[in-house]
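**Student:** Structure incoming, see below.
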Amino acid sequence: MTNRKSNYILTALKYVILIAIAVCCIYPALWVVLSSLRPGTSLYSPTLIPETFTLAHYRELFNNPSFQYGKWYLNTLKIATLTMLFSTILVTLSMYALSRFRFKSRKSMLTSMLILGMFPGFMSMIAIFILMLQLNLLDTHAALILVYSAGSVLGGFVVKGYYDTIPRSLDEAARIDGASHMQVFLKIMLPLSKPILTYVALTQFTGVWGDFIFARLVLRSKENWTLAVGMWDLVASYQNSNFTLFAAGAVLIAIPITLLFIFLQRFLVQGLTSGASKG
């Protein structure tokens, strides 16, 4: 009886903690969404639900000539999509090679990647800036795509762990039947890698979609800005701090990420847990 009572108390405590976490996560997001529909420019309101609703802030995002929200949206979508494609290809091929093949300096390469991955990315900002300057790539989207895609390889250990969980007997059976390394990769490994490929693609897309530091460093002209840089300038350049307009822009930014997580959540969780089960 005492154990059953303790279990009930423990379960109730867990639910209370989960409800508190849910409220802390949902309430700020709900406040931003409702603020984007609230007249005026102030983010503060005595009530959560506005007395009147308006879509004027959303119309102003695309009609105000002082900033180019639509252009920034397309720029970010292009950079995030291309980075997602290139990063997925690079990470998949490189981690497959490190998982399946044994060659000289393999362990040294893995150790170096692990050590480099321990340092924050902004430590290399100055060196990357000088390199982009020498290559005449400053203020171009190609610079962002190149750096984002190349840097994604350092975080590919989850992909390697996933490949390590796939039995090598599948490779050996295919090679006995005369399959080449590329055929094994394309016809056996890739179909089995859908969960981890989804995880890599989604994390790369979301990381680039919201990046501000490197985009602010490289992109100089206003028409080349991404959403993060443009939205920062939107608040920084307004003396009256038009937070409701910022809230409307933030809601539109969150839509693609939210849809991706909703439709790909099952593959995301499966890929993350499988890749983390064995190193």
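The values are calculated or read from the model by the stated rules, or taken from the named source; none is laboratory data. Please read these numbers as outputs of a predicted model, since none were measured by experiment. All Cβ positions, glycine included, derive from the backbone under ideal geometry; neighbour counts span all protein chains shown. Ligands, DNA and RNA are stripped out before the accessible areas are found, and what is left, the full protein with its side chains, is counted by its heavy atoms. Shrake-Rupley method; radii C 1.70, N 1.55, O 1.52, S 1.80 Å.
**Student:** Starting from the residue with the highest accessible area, list ASP177, ASP164, ASP171 in decreasing order, probe 1.4 Å.
**Tutor:** These residues rank, largest area first, as ASP177, ASP164, ASP171.
**Student:** I've got another one for you. If you place +1 on the Cβ of every Lys and Arg and -1 on the Cβ of every Asp and Glu, how big does the dipole about the Cα centre of the stretch 30-162 come out, in debye to the nearest 20? Write down the numbers at each step before the final one.
**Tutor:** Details: 10 positive and 3 negative charges, 171 e Å.
Approximately 820 debye in magnitude.
**Student:** Another one. Which three extents, in angstrom, do the Cα atoms of the stretch 57-168 have along their principal axes, listed largest first?
**Tutor:** Taking the Cα atoms of the stretch 57-168, the three principal extents are 58, 34, 22 Å.
**Student:** Let me ask another. So if I take the centroid of the Cα atoms in the stretch 15-78 and the same for the stretch 171-190, what is the distance between those two points in Å?
**Tutor:** Centre-to-centre (Cα) distance: 50 Å.
**Student:** Using a Gaussian network model of the chain whose springs link C-alpha atoms within less than 10 Å, name the residue from SER42, SER180, SER152 with the highest mean-square fluctuation.
**Tutor:** In the Gaussian network model the winner is SER180.
**Student:** Over the alpha carbons of the stretch 1-106, what is the largest minus smallest coordinate on each principal axis, giving the biggest first in Å?
**Tutor:** Principal extents (Cα only, largest first): 68, 68, 17 Å.
**Student:** Of ILE188, ILE17, which has the most accessible area and how do the rest follow, probe 1.4 Å? Before the final figure, lay out each step's value.
**Tutor:** Values: ILE188 40, ILE17 90 Å².
Solvent-accessible surface, decreasing: ILE17, ILE188.
**Student:** State in Å² the accessible area per residue of the stretch 69-277; use a 1.4 Å probe, count heavy atoms of protein chains only, and round to the nearest integer. Working shown, then result.
**Tutor:** Values: 10940 Å² over 209 residues.
Per-residue accessible area for the stretch 69-277 comes out at 52 Å².
**Student:** Longest segment of the chain with no chymotrypsin sites (Phe, Trp or Tyr not before Pro) in a DSSP loop having at most 10 other Cβ atoms within 10 Å? Numbers along the way, then the final one.
**Tutor:** Working: sites that count: TYR44, PHE101, PHE103.
Free of exposed loop sites, the longest segment is 104-279.
**Student:** Still on this structure, I have one more. Rank LEU227, LEU245, LEU93 by mean-square fluctuation in a GNM of the chain with C-alpha springs under 10 angstrom and give only the top-ranked residue.
**Tutor:** LEU93
**Student:** With n ≥ 4 as the cut-off for DSSP H runs, can you work out [θ] at 222 nm for the chain, using -39500 (n - 2.57) per run divided by the number of residues, rounded to the nearest 500?
**Tutor:** Per the formula, -23000 deg cm²/dmol.
**Student:** Once the Cα gyration tensor of the chain is diagonalised, what are the square roots of 5 times its eigenvalues, in whole Å and ordered largest first, as equivalent ellipsoid semi-axes? Before the final figure, lay out each step's value.
**Tutor:** On the way: eigenvalues 316, 183, 56 Å².
They are 40, 30, 17 Å, listed largest first.
**Student:** Please report, as a whole percent, how much of the solvent-accessible surface of the stretch 69-277 comes from carbon and sulfur atoms (probe radius 1.4 Å). If you can, show how the numbers build up before the last one.
**Tutor:** Numbers: 7650 of 10940 Å².
That fraction is 70 percent.
**Student:** Trypsin sites (Lys or Arg not before Pro) within the stretch 59-136: which are DSSP loop residues with at most 16 other Cβ atoms inside 10 Å? Provide the component values of the computation, followed by the final result.
**Tutor:** Numbers: sites: ARG59, LYS71, LYS78, ARG100, ARG102, LYS104, ARG106, LYS107; in loops: ARG102, LYS104.
Hits after loop and neighbour filter: ARG102, LYS104.
**Student:** Give me the dipole magnitude in Debye, nearest 20, for the chain about the Cα centre, with unit charges on the beta carbon: positive for Lys and Arg, negative for Asp and Glu.
**Tutor:** Values: 22 positive and 10 negative charges, 193 e Å.
Dipole magnitude for the chain comes out near 920 debye.
**Student:** On to the next question. Mean separation of Cα pairs under 8 Å and 6+ residues apart, divided by the residue count of the stretch 69-277: what relative contact order is that in percent? List each step's numbers first, then the result.
**Tutor:** Details: 195 pairs, mean separation 77.1, N = 209.
After rounding, I find 37 percent.
**Student:** Related question: Taking the chain as a Gaussian network, Cα atoms linked when under 10 Å apart, which of LEU34, LEU13, LEU137 shows the biggest mean-square fluctuation?
**Tutor:** Looking only at LEU34, LEU13, LEU137, the largest GNM fluctuation is found for LEU13.
**Student:** If you plug each phi of the stretch 193-210 into the Karplus form 6.51 cos²θ - 1.76 cosθ + 1.60 with θ = phi - 60°, what whole-Hz ³J(HN,Hα) values come out, in order, with x for Gly and Pro?
**Tutor:** 9, 4, x, 6, 5, 5, 4, 5, 4, 5, 5, 5, 5, 5, x, 6, 4, x
**Student:** Do any of LYS78/LYS222; LYS160/LYS187; LYS107/LYS194; LYS107/LYS160 go past 24 Å between their Cα atoms, and which? Can you show the working numbers first?
**Tutor:** Details: LYS78/LYS222 16 Å; LYS160/LYS187 18 Å; LYS107/LYS194 27 Å; LYS107/LYS160 13 Å.
In this structure, LYS107/LYS194 lie more than 24 Å apart at Cα.
**Student:** For the residue pair THR11 and ALA97, what label-to-label distance in nm results when each label sits 7 Å from Cα along the Cα-to-beta-carbon direction?
**Tutor:** 5.3 nm
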